[in-house]
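Engineer: Submitted below is the structure of interest, expressed as structure tokens.
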4 protein chains.
Amino acid sequence: MNDASTTTGELKARVLAFAQERDWEQFHAPKNLSMALAAEAAELMEHFLWVTPEASRDVTADPAKRAKIAEELADIVIYALEFANIAGLDVATIIAAKMEANARKYPVEKARGRADKYTEL
Amino acid sequence: MNDASTTTGELKARVLAFAQERDWEQFHAPKNLSMALAAEAAELMEHFLWVTPEASRDVTADPAKRAKIAEELADIVIYALEFANIAGLDVATIIAAKMEANARKYPVEKARGRADKYTEL
Amino acid sequence: MNDASTTTGELKARVLAFAQERDWEQFHAPKNLSMALAAEAAELMEHFLWVTPEASRDVTADPAKRAKIAEELADIVIYALEFANIAGLDVATIIAAKMEANARKYPVEKARGRADKYTEL
Amino acid sequence: MNDASTTTGELKARVLAFAQERDWEQFHAPKNLSMALAAEAAELMEHFLWVTPEASRDVTADPAKRAKIAEELADIVIYALEFANIAGLDVATIIAAKMEANARKYPVEKARGRADKYTEL
């Protein structure tokens, strides 16, 4: 199982099966899943609280921390996929749509090298 | 582009190309991406602040709100994929590993129908 | 030290002294403090992920959990006060201003018993 | 109303009265308030996503942004105080207790000038 050969559909199915086997869909209301997602995102963030952005690149390269960071990121994506399962959303479709909208908001010629919000470009 | 036919590798490549075209990799330090992820997760959560978990299922079914919710979820997954790009992580691999660990922590016979943390099962 | 007799100024001074004694002001940039605040808010939220709002009232009443929850809430307020210290903000003043703005956005006659956003009242 | 003369008890009473006048206590379950707190913390964080920690000090000094940042911080403290109201917690007491615990975990001689977690000092 790797990114070159695994579809988002396969990952979603695996996450759904895990929840169904445990009869956890009753807990997986969108409200609860959104909280779990935010909580996992915060756990990822905790690895970088007091370092500079540049130094945070070294943190992800550190072998011991890298394993923990990979777990936090996995948790985030797992909950995002389960949210998609429960809400009946196609992840690839909504990403494609969002990236087209982003491309209109952030045209290359205006946005290149700038971190400003599109309303300030 | 849909979940049945799109690999996580294809989505990652698309997200990376978007950032590279805009010379945004300089801003995409792990620290900054983890903040953006947490901020997007919070925006998703805002749709469900004051409703019960059960009522939150209706919120995701409401057509007007559904479109906004899909965008927030897309933003979360986009930032998660870009984090994986920058940190050099294979999303399918780390999800598979995390789900195997979760299966050991939450064996079906113990965890069925229970929302308790594995330390309390 | 209790809420009846302690000013926000006294709490702010205590938090600032703690940071200064440890030469921690160098780490307490607004960006970093905002991340720490969000991370602590997520830790508080983790106590309530899978329960209903009504059941969450019992969680805060449970003696063992209550102590942990009190610590998470303390962490949030400590970081909020330190953010105010670093940014030079008067907490009582900005709360008074925000509550006046909220009172205009949510007049009693319109907002009574409703959780809708002011734009939807 | 300012930090030199306002007690946390006075602020809590003001926040509680606002909720009671609108019959909002029914929505203010700990679960919901913890989500609102995390959502507001994320809004504060959004002002600093792509800047360095050092540059974030300038953001809080910028007059236009300063007003917005003050509002986000006010929202955080308001929800923290309302959480304390609903859970029956004395904010000054729990802060004092947490800071004593922190002082034991981070003794000045060990922690001075270091951002490491106490487990790594």
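The values are calculated or read from the model by the stated rules, or taken from the named source; none is laboratory data. Because the structure is a prediction, the values reported are computed rather than measured. When we count neighbours, we look across all protein chains shown, and the Cβ atoms used for this are built from the backbone with ideal geometry, even at glycine. Surface areas here come from the heavy atoms of the whole protein model, side chains and all, with no ligands, DNA or RNA. Shrake-Rupley method; radii C 1.70, N 1.55, O 1.52, S 1.80 Å.
Engineer: Counting just the residues of segment A:32-46 that are farther than 19 Å from D:ASN32 by Cα and of a type in the set (D, E, K, R), which one comes out farthest from the other protein chains (Cβ to nearest Cβ)?
Structural biologist: Filtering first and then ranking leaves A:GLU43.
Engineer: Let me ask something else about it. Pick from segment D:65-121 the residues that are basic (Lys, Arg) and in a helix (DSSP H, G or I): which of them is surrounded by the fewest Cβ atoms within 10 Å (Cβ to Cβ)?
Structural biologist: Filtering segment D:65-121 down to residues basic (Lys, Arg) leaves D:65-66, D:68, D:98, D:104-105, D:110, D:112, D:114, D:117.
Still in the list and also in a helix (DSSP H, G or I): D:65-66, D:68, D:98, D:104-105, D:110.
Working: D:LYS65: 14, D:ARG66: 16, D:LYS68: 14, D:LYS98: 18, D:ARG104: 8, D:LYS105: 13, D:LYS110: 12.
Looking at residues that are basic (Lys, Arg) and in a helix (DSSP H, G or I), I get D:ARG104.
Engineer: Would you pick out the residues in segment C:75-121 that are within 14 Å of chain B (Cβ to nearest Cβ) and β-branched (Val, Ile, Thr)?
Structural biologist: If we filter segment C:75-121 for residues that are within 14 Å of chain B (Cβ to nearest Cβ), which is where we start, we get C:106, C:111, C:113-121.
Across segment C:75-121, the qualifying residue is only C:THR119.
Engineer: Let me ask something additional. Can you pull out the residues in segment C:1-50 that are basic (Lys, Arg) and in a helix (DSSP H, G or I)?
Structural biologist: Step one: filter segment C:1-50 for residues basic (Lys, Arg), giving C:12, C:14, C:22, C:31.
The answer is C:LYS12, C:ARG14, C:LYS31.
Engineer: I would also like to ask the following. Residues that are within 12 Å of chain A (Cβ to nearest Cβ), among the hydroxyl-bearing types (Ser, Thr, Tyr) and in contact with a Pro (Cβ under 9 Å, 6 or more places away or on another chain): does segment C:51-69 have at least one?
Structural biologist: Checked against the condition, which is being within 12 Å of chain A (Cβ to nearest Cβ), among the hydroxyl-bearing types (Ser, Thr, Tyr) and in contact with a Pro (Cβ under 9 Å, 6 or more places away or on another chain), segment C:51-69 yields at least one hit.
Engineer: Identify all residues within segment C:1-31 that are more than 16 Å from the chain's Cα centre (by Cα), over 13 Å from B:MET35 (Cβ atoms) and among the basic types (Lys, Arg); write none if there are none.
Structural biologist: C:ARG14, C:ARG22
Engineer: Here is a check on your reading of the model: is C:ARG114 out of contact with any Phe, Trp or Tyr (no Cβ under 8 Å at 6 or more places or on another chain) and over 18 Å from A:ASN32 (Cβ atoms)?
Structural biologist: yes
Engineer: Sticking with this structure for a sec: If a residue must be small (Gly, Ala, Ser) and within 7 Å of chain A (Cβ to nearest Cβ), how many such residues does segment B:1-31 contain? Spell out how you get there, then give the answer.
Structural biologist: Taking segment B:1-31 and keeping what is small (Gly, Ala, Ser), we get B:4-5, B:9, B:13, B:17, B:19, B:29.
Pick out the ones that are also within 7 Å of chain A (Cβ to nearest Cβ) and you get B:4-5, B:9, B:29.
Qualifying residue count for the region: 4.
Engineer: Out of the residues in segment A:8-57 that are among the polar types (S, T, N, Q) and in contact (Cβ under 8 Å) with a residue 24 or more places away in the chain, state the one that is farthest from D:MET45 (Cα to Cα).
Structural biologist: Taking the candidates together, the pick is A:THR8.
Engineer: Moving to a separate point now. So for segment C:46-59 (the condition being open to solvent by 10 Å² or more (accessible area, probe 1.4 Å) and within 17 Å of the chain's Cα centre (by Cα)), does at least one residue qualify?
Structural biologist: yes
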